[in-house]
Structure formats: C-alpha cells, structure tokens
Amino acid sequence: MMPLLQFVLLSCDSEDPTTKIEPTTTTTTTTDTGTVVTAPVPLTDNHDRLARLSHEQWENTVVDLLGLREPTHLSEHFVTDATHGTFDNESHDLFVNPVLWQQYLIAAEALTDQVMTTPELRDRVFDPDPKVDPEAWIRAFVARVHRRPLTDTQVEAYLELFATGAEVWNSGDASEDGARQVLQTALQSPWFLYRTESEGTPRDGIVDLDAWDLASKLSYALWNTMPDDELFALAESGELLDEEVYAATVRRMVTDERARHTLQDLHDQLFKIDSYANIAPDVTVYPQFSPDLVRAFQDEATMFLDDVVQHGTVHDMMTTTRTFVNPPLADLYGVGPVPDDGEMHAVDLDPSQRAGLLTLAGRLALQADPTTDSPIRRGIYVNTTVLCVELPPPPAGVNPQIPQDPNLTTRQRVDAYTGDGTCGQGCHSTYINPVGFAYEHYGALGEWRDDERGLPLDASATYTFDDGPRSWNDALELASILGSSPQVHDCYVQHLLTYLYQRYPGMADEALIDQLGTLSLTDDAPILDLVADLLLDPSFRVRAIE
C-alpha cells in the first residue's frame, strides 16, 4: 500500500468561505511501507451540510463516474453502518470512522488500478489528457468527482499533488504517476464521499441551495447516484434554479429507470424484504416449505410493491388483490395454474381471503412463529411500519414466551398473557394485539385457514386510530379501514420524506406531511405524484439553520 495524502487535500478551503467545511478529528495509520499518514476523518456533526454517501450510493457513484460496466462490489466489504432508523441513507447515522476510512483507501487504490490498466476506462477518465494539460484535466474530471466546479485554490492543490506523483510511484512516467496520484486521492476526498452543501447566505432562518447543491441532492434522492450530464448542464447554466425547469427535471427523473430502482430500494428497506430470508417454519408442519418458496415470497413482494408504486396509490397498496406468483406460491394461495417457466405471473387473489400488502403470504410468514401465527409480531409490524406508532420497549425481565395450551387458539393464549388485566395491559391490549388479531386466519406460512386445530378463529377487534376507534371482523375489513385511514397515508408520506430527504422528519415537516397525506387520501393521488410533490416542495430546495 503506497502512502498518500488521504483526505487532507481540500478537506477545507480557507480562501473560499462559501465552500469551507471543517474536519472535526484526525486519525493516524501506518502503511506497509512504514510511512505514517495522518488524515482528518470528517464526522457529520453538521448533518445539514454534510451527508455521507450510503454504501449503495458510493457504489453507484463510482460506476457512473468511471464508466464501469458493472458494480465493483467493493462496498460489500465496507463496515456495516450502525443505523438506528428505517433506512440506510439517513445522514445522522452515517459517519467515516477509522475502519471505513481505511476501506475507502483500499477501494480507491483498487479503482485507480482498474482505470490505469483498462484502455476503455482510461479514455473516459483521462479526457482531456492529463499528460497534455494536467490543469484542464483536473478542472474537468476532478470537478465531476467533487460534483461542482473547483476553486482556483483547489486546482492549485491538485496540481501540486500531480507534481508529487513521480516521487511516490516512480514508474518513469511523471505524468502517469501524477494522474494516478490525483485520481486515487480525489476518490478519497470528502467532496466525493459526502454530499456537501455550500455555506450560502442565510435569510429568514434558511439557506437557498445553489444549483450544484440542488443537482446532487436531487440526484441522490431519486437515483442514489451522482447527477447525469443533463443535470450537470442545468447546474452549470443555473437553469436548475428556474421553477419551470426544476419541475420538468423532477418529472423527468421520477420516470427514469434509476428512480424506479431507488424506489424499489426504499420499499425493500421499509418493508424489510431482505428479512424474508429469515423465514423458517417447522418443516414437519410445513413440508412444502423450501428456499425456493422464500425467494418467491421476496420476488412477489418486490414486484407487488413496484407495480403499486409505478401505477397505483397508497389505497391500492392496502387493498388490491393483484399480485405475482409462480407455481409453488400459486399452490399456497389456491390460484392458478400458472406456467412453470421460472417467471412470476400476475394473478388476482381470492378477495374473500386477501387484500393488499399486509395479507401477502411472505409478509405474514415473516411475522410468525415456526408452527403458528404470531399476533404480537404482526401487530408490532403494522403499528410501527404502517401506522407510525412508536411503541416502547417491553419491560425488563418479561418472559416473551406465550404459555402453550392445546385447548386454546393463539389469540386466546396471547390475550390471556398480555391482554386486559395482565402486565401487557395498555401497550398490548390497546395497540399491538387488536391489529395482530386481524390476521388469525393466516398460519405460520401465510396460508389461509378456517380454524386452528379444529378451534374456531376470531379475527375481530377494535383499534383507536388518530381519528377515532374503528372495528372490524377480519383482515379484509381492516385492509379497507387502513386504505382509508388518514394515519396510514400520513405515515407513508413520512417514510417517503425520510428516505428522499435523507433525514428524520421534524416539526417543520408536519404541515407538508399532512398536506400530502390528505392529497393521497382524498384525491387518491398516485404514489409517483407524492414522490414528485415532496421534491418539488420549497423545503427540499433549502437548508434550515438555527
């Protein structure tokens, strides 16, 4: 590993107060050459101006920046971020610690080697040719790395670095060594690893984002990657700040395939589709279970959500009977037959048994015990994910195991252990249990059942929503209630805002959430319109200051 000035270059620019960003701490490491490298590790204390790229954003960005044909998979080796929220891109949880800094260094070395030894990549990256005009190359290419034009001070610093390349690499070609030195260092710059925002001029407690800041914020919100050429051009001309141009740009980007992928990521994280891999029912009770069925659960959920997001509404998400199945999943649902061709096929499920996302088999199997349903887990899921209810942790020392009794249904056992008159009175009896009981007709594999071991089932309950109590007899009636609940629509908009804005919602966001939640409920606004409206709102284009 060759020594480099890691992060030091241009972590702050003292001659340009509009771009000054101070590092907050340093770390020291020793390379295998024995050289000690001391480097600032920027910590995102000022989350409003510094948002570290998530690992997926980093991966997408290096692919687009360098013109790679496929992902590098280097980010798969990055240390896992200790996130506390729903999504992995929430800026308050994203830091550069010494371990990740070292991994960024290794990744930058690997990417630089790939560029230097691949003619196709060299042609893209070294245009204009740094051997002919290093300053022109730095102003062109490194500006793309920074995602904004370089200041004269930054250019001078990079030129000085270019001149030191021969001392470090000593290949016999000073220009080649200089280009390697600049590229490898630029890929570790805070301006690359963070989505930064200029200091700007405060007015009435806010700062307007400049065109370059806005281009990056919009691109990472919708595409999880750097701006494309068209967006960069609008930033360079300043046209992006024009209301009509900005609105047209948002609409172009929302309908782009990259936005579709980003919205799939949003919903995969929100509804924990990756966690389906943990579904593990008792195979003596469910001999039809297999890893192939788990993959079908995941594919179904991803395709269901993509279909609803691209063409439907929040109400559709809660109530539609349309989904996607292969033969094993069709057998579980009792529909079909469908072709056994390795594809998922659109079907309509029995409306007397299924309605919306929350009655899909994979979702129900994820919140179940190995042999039977789990009203508690299912109730917690709906409360926290669909209703945005913050549930307190269970009291210390409480035994989570519900006593077994073959003469009682699961609901009866749960109610006896956590219902009214027990230690679970309040949180369980008010929030968790009523919603969980709605899904009593679905077993541990999400299959429909008319009874439980011959015992009659009761899926009725009453829940007090923000706008008052509502009662139902089964999950289908609950689905209809949820689809028409202001609380559900507001909660969904809150999730969209959190992901797209990359931060937790605050009090200042409540009016926007309420406005778009109402639009979703009363006008049945398409989900893509809600996404666009969040990005078109003036609050997306400014930064609040204290």
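The values are calculated or read from the model by the stated rules, or taken from the named source; none is laboratory data. Small disclaimer: the values here were computed from a predicted structure and weren't measured. Glycine gets a Cβ as well: all are built from the backbone with ideal geometry, and neighbour counts include every protein chain shown. The accessibility values were calculated without ligands, DNA or RNA, using every heavy atom of the protein model including side chains. Shrake-Rupley method; radii C 1.70, N 1.55, O 1.52, S 1.80 Å.
Here are some notes:
- Hits in the range 47-95 - residues which are in a loop (DSSP other than H, G, I, E, B), under 18 Å from Leu266 (Cα atoms), of a type in the set (Asp, Glu) and open to solvent by 30 Å² or more (accessible area, probe 1.4 Å): Asp81, Asp88
- Among all residues of the range 109-123, there is at least one that is open to solvent by 40 Å² or more (accessible area, probe 1.4 Å) and in a loop (DSSP other than H, G, I, E, B).
- Restricting attention to the range 157-177, the residues that are polar (S, T, N, Q) and either within 15 Å of Phe126 (Cα to Cα) or open to solvent by less than 50 Å² (accessible area, probe 1.4 Å) (or both) total 2.
- If you go through the range 466-521 and keep only what is over 30 Å from Leu50 (Cα atoms), in a loop (DSSP other than H, G, I, E, B) and of a type outside the set (Asp, Glu), you end up with Asn473, Ser484, Ser485.
- Contact map, the range 526-546: residues that are more than 23 Å from Asp316 (Cβ to Cβ) and of a type outside the set (S, T, N, Q) paired with residues that are in a helix (DSSP H, G or I) and open to solvent by 40 Å² or more (accessible area, probe 1.4 Å), Cβ distance under 9 Å, separation 6+ or inter-chain. Pairs shown: Asp537/Gln515; Arg541/Leu241; Ala544/Ala508.
- Residue match in the range 198-218 (condition: surrounded by fewer than 23 Cβ atoms within 10 Å (Cβ to Cβ), hydrophobic (A, V, I, L, M, F, W, C) and modelled with pLDDT under 95): yes
- Of all the listed residues (Leu332, Leu364, Leu357, Leu408), the sole one being buried (at least 21 other Cβ atoms within 10 Å of the Cβ) and over 30 Å from Asp490 (Cα atoms) is Leu332.
- Long-range neighbours under 6 Å by Cβ, at least six apart or interchain, first residue exposed (fewer than 15 other Cβ atoms within 10 Å of the Cβ) within the range 445-459, second of a type in the set (Ser, Thr, Tyr): Leu455/Thr409
- The range 145-200 - residue that is of a type in the set (D, E, K, R) and part of a loop (DSSP other than H, G, I, E, B) and, of those, farthest from Ser54 (Cα to Cα): Asp173
- Taken together, the criteria exclude Arg148 from residues that are out of contact with any Lys or Arg (no Cβ under 9 Å at 6 or more places or on another chain), buried (at least 16 other Cβ atoms within 10 Å of the Cβ) and under 24 Å from Thr117 (Cβ atoms).
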